[in-house]
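What follows is a set of notes on a single structure, which appears directly below.
What follows is calculated from the coordinates using simple rules that are stated; it is not laboratory data. Small disclaimer: the values here were computed from a predicted structure and weren't measured. Note that each Cβ is placed from the backbone with ideal geometry, even for glycine, and that neighbours are counted across all protein chains shown.
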Amino acid sequence: MKRRQLQNLLSAIQSAGIFADLYLKASNAPGTNLTGWSLDDRDPQIIEKLMPFFGWVYQNYFRVQTDGWEHIPKTGKVLLIGSHNGGLAAPDTVMMTYDWFRKFGTDRIAYALMEPKIWQVLPGLARLATQVGTIHPHPELAREALRRGAAVLIYPGGARDVFRPHSLRNRIYFCGHKGFIKLALLEEVPIIPFISYGAHSTLIVLADIYPQMQQLHQLGMPWLWDIDPGVFPIYLGLPWGIGVGPLPNIPLPLKLHTRVCPTIVFDRYGKEAARDREYVDRCYRQVCSLMQHELDRLVQEEEGSGFKPRCF
């Protein structure tokens, strides 16, 4: 083994050990701590300790290519809207978060909204994520974060987006969720979109059988842990081979390309704009259309002239 390879291996082992130690400490924290309901649980020192581990994953596992970061202002509040990919591991989210801290430092305040069920099902992971800046997806919490001048990252499609079928891997899939539009209008903040290529192929979602499972539940079948998952995928991936349900996964080591898109500014802002359903719908369609255009362009760059952009 070459010296550089040995150094990389030792660095990976050391970084993984630090990650495991922080995860165990978060797992053993009291249930009343790190609940995701406070903006003050974010800890830059914890983030600094995690950076080497995710840096190794970034460089050696996913070999990330990224661009477009010039679209993000160096200071001030921003609303970042992303297309979610790759199951519960969400590798593009994790790698973009790493890039954010790498480029802007751990002291620049940033928060990400996360599915509340994660705190119930994976409390240790959720508590560790809380220390990185994860919060519950409550509108008032997001508004308060923006008022503090923070960056707020939202994935509007949620679980249905992150587990959307493989055939929709190159489609913006927000499922009609428009709360982020109202947030942008109320807080008078422009939207900066994130997209990625490759992350949704780190597992292969064959189908979502949630409607069938919901019918069985109505007939008397209980949900595991008494939690309605809202999505029930069948997928191919690690470590299960065939995964059934929203199980945690280990993403395949595919190359990722992440991109920050140009800023989207709406014609008008304020309470009246946020209450205008037709205007909110129009803004929503504008964001989806522009993000789809950027995603089509990214896919074409990666896959060459054989790719045909979708029309929706």
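Residues with beta-carbon under 15 Å from that of Tyr210, excluding Tyr210: net charge, scoring Lys, Arg +1 and Asp, Glu -1? Charge balance in the 15 Å sphere: -1.
Just so you know, the Rg over Rh for region 90-247 is 0.97, from Cα atoms, with Rh as the Kirkwood radius.
Computed over neighbours whose Cβ is under 11 Å from that of Glu301, the net charge equals -3, Lys and Arg +1, Asp and Glu -1. Each Lys and Arg contributes +1 and each Asp and Glu -1, all at the Cβ; summed about the Cα centre of region 63-219, the dipole is approximately 40 debye.
Taking the Cα of Glu188, stepping 7 Å toward and past its beta carbon, and measuring to each backbone N in region 247-283: which are under 19 Å? Only 264-276, 280 fall inside the zone, counting backbone N under 19 Å. Bridge orientation summary for the chain: considering DSSP beta bridges with both residues in this region, about 45 percent are antiparallel. Extension gain, Gln65 to Asp107: 0.36 nm times the residue separation minus the Cα-Cα distance gives 12.7 nm. Compared with the direct C-alpha span, the chain from Asp281 to Ile13 gains 91.6 nm at full extension, assuming 0.36 nm per residue. Could you pull out which residues in region 102-128 have an amide N less than 20 Å from a spot 7 Å beyond the Cα of Thr32, following the Cα-Cβ vector? Backbone N within reach: 119-120, 123-124, 127-128. Among the listed pairs Lys25/Lys178; Lys74/Lys178; Lys103/Lys271; Lys25/Lys74; Lys103/Lys255; Lys74/Lys117, those whose Cα-Cα separation exceeds 30 Å are Lys25/Lys178; Lys103/Lys271; Lys25/Lys74; Lys74/Lys117. Across q = 0.14, 0.17 Å⁻¹, region 1-140 modelled as identical point scatterers on its alpha-carbon atoms has Debye log10 I(q)/I(0) values of -0.71, -1.04, in the order of the q list.
Summing +1 for each Lys or Arg and -1 for each Asp or Glu among the other residues whose beta-carbon sits under 12 angstrom from that of Asp161 gives +1. Ordered by the count of other Cβ atoms within 10 Å of each Cβ, fewest first, Arg3, Arg259, Arg160 give Arg3, Arg160, Arg259. Remark: the chain projects, on average over all directions, an area of 18.0 nm² (convex hull of Cα atoms).
Here the peptides 261-271, 34-44 are ranked by packing, the mean other Cβ count within 10 Å, and the order with the highest first is 34-44, 261-271.
Between the residues Val162, Leu185, Tyr197, the greatest Cα displacement towards the positive end of the dipole of the chain, with unit charges on the Cβ of Lys, Arg, Asp and Glu, is found for Tyr197. One decimal place: the segment Arg147-His166 gains 3.1 nm when fully extended, by the rule 0.36 nm per residue minus the C-alpha distance.
Note on the chain: helix-only mean residue ellipticity at 222 nm, from DSSP H runs of 4+ residues weighted -39500 (n - 2.57) and normalised by residue number, equals -13000 deg cm²/dmol.
Using the empirical formula 2.2 N^0.38 Å as the baseline, the Cα radius of gyration of region 154-249 reaches a ratio of 1.26. Based on C-alpha pairs under 8 angstrom that are at least 6 apart in sequence, the chain has a relative contact order of 23 percent.
Note that region 240-253 has calculated 3J(HN,Hα) couplings of 7, x, 10, x, 10, x, x, 7, x, 9, 9, x, 5, x Hz, one per residue in order, obtained from phi through the Karplus relation 6.51 cos²θ - 1.76 cosθ + 1.60 (θ = phi - 60°); glycine and proline are x.
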